[in-house]
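Chemist: Here you go, one structure.
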Amino acid sequence: MRGAPHRAQAAYFALAIGDALGATVEFMTPREIQSQHGIHKDLTGGGWLHLKPGAITDDTQMSLALGDAIIQAGDIHAPTIAEAFSQWMRSRPVDIGHTVRRGIIHYRRTGETQVPLNDNDAGNGACMRVLPIALVTLGQPRETVNAACRLQSHITHHHPLSDAGTECIVAMVQMALQGADQRDLLQGPVKALIQQHPEFHFRKRREENPSGFIVHTLRAVFQALFDTDTFEDCLVDVVNRGGDADTTGAIAGMVAGALYGPEGIPERWGKALDGEVKAHIMRQVQTKKEGGFMPDVQA
């Protein structure tokens with residue numbers, strides 16, 4: 001796992017960068033993006049949320065809340081995570097998805113940290129925030145990793161497609177942290193996901209204007225990741241598809257950040273990202289003995 005801590009930092013920064021980049025064009029169509037921005041490729045803020053340049057949305061905020069909960073508990077502890085999500089919602093975040101809100105309200109009303117299985121919960125909200133799970137379980141058996149994924153996911157999202165897509169992304173991030181290349185990711189977790197759930201097959205047509213449905217989201221992410229060969233090209237490709245662009249940007253970012261490492265992230269994006277967010281990420285992505293949640297791997 002040589003180099004894993006540096007790639008972990010890159011994955012986390014890349015998640016936030018993808019979120020901030022995509023937020024500007026969220027809910028726009030590719031034609032609208034082309035008309036207003038040409039090719040959208042800078043952290044300019046704005047969008048329907050009227051964000052400042054470099055500001056992030058719920059994708060990164062919930063990831064940070066999850067990471068803080070893991071550090072607080074010293075483990076992946078469902079009640080601590082659910083309470084962290086609840087406190088985050090009390091902070092009046094700039095944006096919050098309907099399924100996330102419903103899950104947090106369920107926790108507040110019942111004290112339960114798992115929502116019932118629901119045919120309408122196949123959204124991308126559990127996947128967008130899962131990066132801390134990928135980092136803290138690095139090197140653990142796949143069964144343990146998947147159980148941790150579901151523990152955090154089911155606080156708000158409980159659906160087989162959501163579970164499968166989220167677990168695939170975690171496997172991709174972890175493989176990339178350990179030195180895997182694009183072909184390894186495609187022939188490993190992505191191929192396995194498609195064999196289990198053919199809905200995720202992504203070569204049929206270009207996924208434009210992807211919705212919050214996990215299948216639409218990941219088809220767009222996979223296309224952008226495997227049809228490009230740089231971090232910047234991947235993120236620019238996926239967010240210019242519009243739709244749920246902050247989340248496709250965040251998910252593509254965490255995988256591509258782990259894949260290409262810190263040297264792949266454009267300097268202008270790193271500088272433009274909100275400074276408090278960068279500092280918060282750095283506090284989390286430390287080894288456990290330093291107060292963070294990364295395993296004590298050799299750098």
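Each reported figure results from applying straightforward, stated rules to the coordinates on display, with no laboratory input. Given the structure is predicted, the values throughout are model-derived calculations rather than measurements. With ideal geometry, Cβ positions are generated from the backbone for all residues, glycine too; neighbour counts draw on all protein chains shown.
Chemist: Under a point spin-label approximation (7 Å from Cα along Cα-to-Cβ), what is the Leu186-Glu32 distance to one decimal in nm?
Modeler: Going from the Leu186 label point to the Glu32 one covers 3.2 nm.
Chemist: For the range 4-290, what relative contact order do you get, as a whole percent, if you take Cα pairs closer than 8 Å and at least 6 residues apart?
Modeler: Relative CO of the range 4-290 lands at 33 percent.
Chemist: Cut-off is 10 Å between beta-carbons; in what order do Phe85, Phe226 appear when sorted fewest neighbours first?
Modeler: Sorted ascending by nearby Cβ count, the order is Phe226, Phe85.
Chemist: Ranking Arg108, Arg205, Arg150 by Cβ neighbours within 10 Å, fewest first, what do you get?
Modeler: Ordered from fewest to most neighbouring Cβ atoms within 10 Å, Arg108, Arg205, Arg150 come out as Arg205, Arg108, Arg150.
Chemist: Could you tally up the Lys pairs in the chain with alpha carbons closer than 18 Å? Skip any pair fewer than 8 positions apart unless they're on separate chains.
Modeler: Close lysine pairs under the 18 Å cut-off: 5.
Chemist: Per the helix-only calculation at 222 nm, which mean residue ellipticity applies to the chain, given -39500 (n - 2.57) for every DSSP H run of n ≥ 4 and division by its residues, nearest 500 deg cm²/dmol?
Modeler: About -17500 deg cm²/dmol.
Chemist: What's the magnitude of the charge dipole for the range 4-290 around its Cα centre, counting Lys and Arg as +1 and Asp and Glu as -1 at the beta-carbon? Answer in Debye, nearest 20.
Modeler: Dipole about the Cα centre, nearest 20: 260 debye.
Chemist: Additional query: For labels at Asp75 and Arg109 in the simple 7 Å Cα→Cβ model, what's the distance in nm?
Modeler: 3.0 nm
Chemist: Now, a different point. Ranked highest first by the average count of other Cβ atoms within 10 Å around their residues, in what order do 54-62, 243-251 fall?
Modeler: Highest mean packing first, the order is 243-251, 54-62.
Chemist: Now for a different question. In what sequence do His40, His201 fall when counting other Cβ within 10 Å, fewest first?
Modeler: Fewest-to-most ranking of His40, His201: His201, His40.
Chemist: If amide hydrogens are placed 1.01 Å from N in the peptide plane, which non-local residues have theirs closer than 5 Å to the one on Gly46?
Modeler: Amide H neighbours of Gly46: Leu51, Lys52.
Chemist: How high is the relative contact order of the range 1-101? Use alpha-carbon pairs under 8 Å, at least six apart in sequence, and give a whole percent.
Modeler: Computed value for the range 1-101: 22 percent relative contact order.
Chemist: Mind giving me the nanometre distance, one decimal, between the label points for Trp48 and Gln286, set 7 Å out from Cα along Cα→Cβ?
Modeler: For the pair Trp48/Gln286, the computed spacing is 3.9 nm.
Chemist: Further question on the same structure: Over the Cα atoms of the range 65-177, compute the convex hull volume and normalise it per residue, giving Å³.
Modeler: 96 Å³
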